[in-house]
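All remarks here apply to the structure that follows.
The values are calculated or read from the model by the stated rules, or taken from the named source; none is laboratory data. Predicted, not measured: the structure shown is a model, and the values here were computed from it. Areas reflect the complete protein model, heavy atoms only, side chains present, ligands, DNA and RNA absent. Shrake-Rupley method; radii C 1.70, N 1.55, O 1.52, S 1.80 Å.
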Amino acid sequence: MAACRGGAGPARGDTECILEPLSLPESPGGVDAVESSPCVPCIFCEECYLLAEQNQLLKHMIIEHKLVIADVKLVADFRRQKKNVLFFGDNTNIFSYILYWKRRFAEQPVTDFCSVIRTNSKAPLEEQDNYFLLCDVLPEDRLLREQLQQKRLREILEQQQQERCDTSFHSMCMFCDQEFTGNRSVLLNHMAREHAFNIGLPDNIVNCYEFLAVLQGKLDNLQCLYCEKVFRDKNTLKDHMRKKQHRRINAKNKEYDKFYIINYLEFGKSWEEVQSEDDRELLDNLEEDWSDWEEHPVCAVCLFCEQQADTTEKLYLHMQKSHGFDFPKIKSEHGLNFYQQVKLVNFIRREIHHCRCYNCQEKFQSKEVLISHMEETKHIAFLPARSTWDQPQYYFPTYENDTLLCTLSDSEDVITEDQSEEVPVVSEDISSLKALKQSSVLNQLLCKENKSWEKF
């Protein structure tokens, strides 16, 4: 029996040591006996390789047996699982695929299944080589790949359903160290809402624990999740991701593909190919009638609570009636331009986020207690000294998805509109156009210039 490659063999004196319980195969000499082994056998010989050494196996079959398996990364087999972690893509093993063709090649010649590729065809016969290509052009191979794909899809959907219904989830936020228990959606929605870090809808994600561990590992190594640069310390990394709006993952990094359901849906297609097909369908339907299209308004969030409104007027009215904060009045009394409004909004957002009253600087245990204090003491209606909030640091948004910042208007524009309504504009009388031309200043200057040239 061939030894399994990939690890250092035991010393000669220790060859008879038994380190683990033994078990007899259910079908001696059959496929089940090979399948229970932790190694993957070569299709043609008795050489075996560890599951982690898939590339070594493929290299062996190319060099020793001239066999090339096309599009190995599209061969999916989830038979081997470890701690509910499913293998995917380039890292998956092709255990069932190899076993199937090992049996078939033992029954019929390899030329019955593979295309023959001759290299050095113009060289002498002894220098020519024949390589065998096994690909999904063969209907039998394609059917096998599709069956493995369907098996993978079923198992990944079962895994996703298990995670969706799991109420024992427990993890910590990567940005604020807040702990979350219950369902994974609580943590994912928190990171999207509070930290503008959106990795997708919870129902589109699978193997969430492993996904979060990968992301946390990158942050622990001081690596940006988007541009993947490494920084000298944690504070520099946090400032970089906030200022550059890099609180998102790099969609081109294939490492993340295995965590999204879309990559399992169609045989041989990634999310980019699936998405591009959807875009082409949209382009084909450009001539359709879009008259009934209704755009959903973008909602802005109140400065002091979770209330949302689809217009600034509704939001200002809510803040005035519910909290006693009259934003238009404050803007008018202080003569705030657009940039000062931006700084004021970001200042208030930050103080409320830290549960701190922006007038007396007293800190509270929760936002609810803070708002109650500010409403009772009327601290909510008055701004602190301008030097407190009119600072360059408040140009940067506290929440990167703060829609209220996009709806602010310059107070000067409002004044100009009011004045344009009150001051009448009288048009110029052009009934005597010839007289206007003769009496125009430009005409007089031209006449003087012509006379000066005549004297010269």
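Values for this structure:
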item	result
Cα pair distances exceeding 22 angstrom across the stretch 166-273, given as percent	33 percent
Karplus 3J(HN,Hα) series, Hz, for the stretch 249-259 with 6.51 cos²θ - 1.76 cosθ + 1.60 (x for Gly, Pro)	9, 7, 5, 7, 7, 5, 4, 8, 4, 5, 9
Shape of the stretch 110-158, Cα gyration tensor, a/c cut at 1.5	prolate
Lys pairs under 25 Å by Cα in the stretch 166-273, provided they are eight or more residues apart or on distinct chains	25
Per-residue HN-Hα couplings for the stretch 55-68 [Karplus 6.51, -1.76, 1.60; θ = phi - 60°; Hz; x = Gly/Pro]	5, 5, 5, 4, 4, 4, 5, 6, 6, 7, 10, 6, 9, 10
Which of 406, 224 is most accessible, then next, and so on - probe 1.4 Å	406, 224
Backbone HN-Hα couplings from phi across the stretch 304-314 [Karplus 6.51/-1.76/1.60, Hz, Gly and Pro as x]	10, 8, 8, 5, 10, 9, 8, 9, 5, 4, 5
Base-10 log of normalised Debye intensity for the stretch 300-407 (one unit scatterer per alpha-carbon) at q = 0.10, 0.13, 0.20 Å⁻¹	-0.25, -0.43, -1.14
